[in-house]
1. From the residues in the stretch 126-150 that are open to solvent by 100 Å² or more (accessible area, probe 1.4 Å) and in contact with a helix residue (DSSP H, G or I) (Cβ under 8 Å, 6 or more places away or on another chain), which one is modelled with the lowest pLDDT?
2. Condition first: open to solvent by less than 80 Å² (accessible area, probe 1.4 Å) and of a type in the set (Val, Ile, Thr). Now tell me which residues in the stretch 86-99 satisfy that.
3. Looking at the stretch 27-85, which of the residues that are outside any strand (DSSP E or B) and closer than 30 Å to PRO150 by Cα is least open to solvent (accessible area, probe 1.4 Å)?
4. Out of the residues in the stretch 94-146 meeting the condition of being in contact with a Ser or Thr (Cβ under 7 Å, 6 or more places away or on another chain) and not β-branched (Val, Ile, Thr), tell me which one is nearest to GLY49 (Cα to Cα).
5. Could you please tell me which pairs satisfy a Cβ distance under 8 Å, a separation of 6+ or placement on different chains, a first residue in the stretch 62-90 that is over 19 Å from GLN112 (Cα atoms), and a second residue that is open to solvent by 70 Å² or more (accessible area, probe 1.4 Å)?
Amino acid sequence: MQIPQIRLQSTPMKIGLNIEQPVQQIEQKAAVQSIEQPKAILEIQTTPGKLTIDQSKAREDMDLKSLSRRVDEFAQQGYQDWLAGMARRAQQGTELRHIEKGGNPLAEQARQNSKGPEKQFNLGWIPSPFSVKLDYQQAEVKIEATAQKPIIDAQINRGNHTYTPGSVDVEILQKNALDIDFINLFPDEIGK
């Protein structure tokens, strides 16, 4: 026996899309910038160093004394020699007053007066160590700097923006369809 059948055959719809991409353009011009940096204000004050060298003691050691120093020494030595001479003369006068006590005071005094002092000789350093005096006052430097702020001028340029929107076109490439077939259906049998 044949069973009646209904056969369905469908064809799907096919859609086509035509897509046009959007176009976007952005143009940004660089900013115009001007920068000026003024020089810093710099003030420098210098007090120069001072070196003092005192070599008067070294010069005295080498018998190169100043005139005022030599005059003072000669005056002092003259005063001391005058006192010593007065004392010697007083002593010799006393010896002559007592000539009766015996001896030969005139010959003894003549020998003492003609004889000079013995010369002294000694080793030493000329000039003596550390006879040159040094004194140094160091220099002073004062630096004062005043910074100057930069002068900045900037002009901003706006960006250029263009936009073309995209589009989508939809089209039907194939329509959908449904085919229906009836199998084993006879008109004479439908009524039976």
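1. Step one: of the stretch 126-150, the residues open to solvent by 100 Å² or more (accessible area, probe 1.4 Å) are 126, 130, 133-134, 136-138, 140, 142-144, 149.
Narrowing the set further to residues that are in contact with a helix residue (DSSP H, G or I) (Cβ under 8 Å, 6 or more places away or on another chain) leaves 126, 133.
Details: ILE126: 76, LYS133: 91.
Of everything passing the filter in the stretch 126-150, ILE126 is modelled with the lowest pLDDT.
2. THR94
3. Within the stretch 27-85, the subset outside any strand (DSSP E or B) is 28-31, 37-40, 48-49, 55-85.
Subsequent filtering for residues that are closer than 30 Å to PRO150 by Cα retains 28-31, 37-40.
Numbers: GLN28: 118, LYS29: 114, ALA30: 80, ALA31: 63, GLN37: 111, PRO38: 41, LYS39: 179, ALA40: 64 Å².
Ranking the candidates gives PRO38 first.
4. My answer is ALA139.
5. MET62/ILE126; LYS65/ARG59; SER66/ARG59
Per-residue answers, yes or no, for (1) at pLDDT 90 or above; (2) on the phi > 0 side of the Ramachandran plot; (3) acidic (Asp, Glu); (4) touching a Ser or Thr at 6+ places or on another chain (Cβ under 6 Å):
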{"residue": "ILE6", "(1), (2), (3), (4)": "no, no, no, no"}
{"residue": "ASN18", "(1), (2), (3), (4)": "yes, no, no, no"}
{"residue": "GLN24", "(1), (2), (3), (4)": "yes, no, no, no"}
{"residue": "THR46", "(1), (2), (3), (4)": "yes, no, no, no"}
{"residue": "ALA58", "(1), (2), (3), (4)": "no, no, no, yes"}
{"residue": "ASP61", "(1), (2), (3), (4)": "no, no, yes, yes"}
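The values are calculated or read from the model by the stated rules, or taken from the named source; none is laboratory data. As the structure is a prediction and not an experimental result, all values here were calculated from the model. Glycine gets a Cβ as well: all are built from the backbone with ideal geometry, and neighbour counts include every protein chain shown. When the accessible area is computed, the model is the full protein with side chains, heavy atoms only, and any ligands, DNA or RNA have been set aside. Shrake-Rupley method; radii C 1.70, N 1.55, O 1.52, S 1.80 Å.
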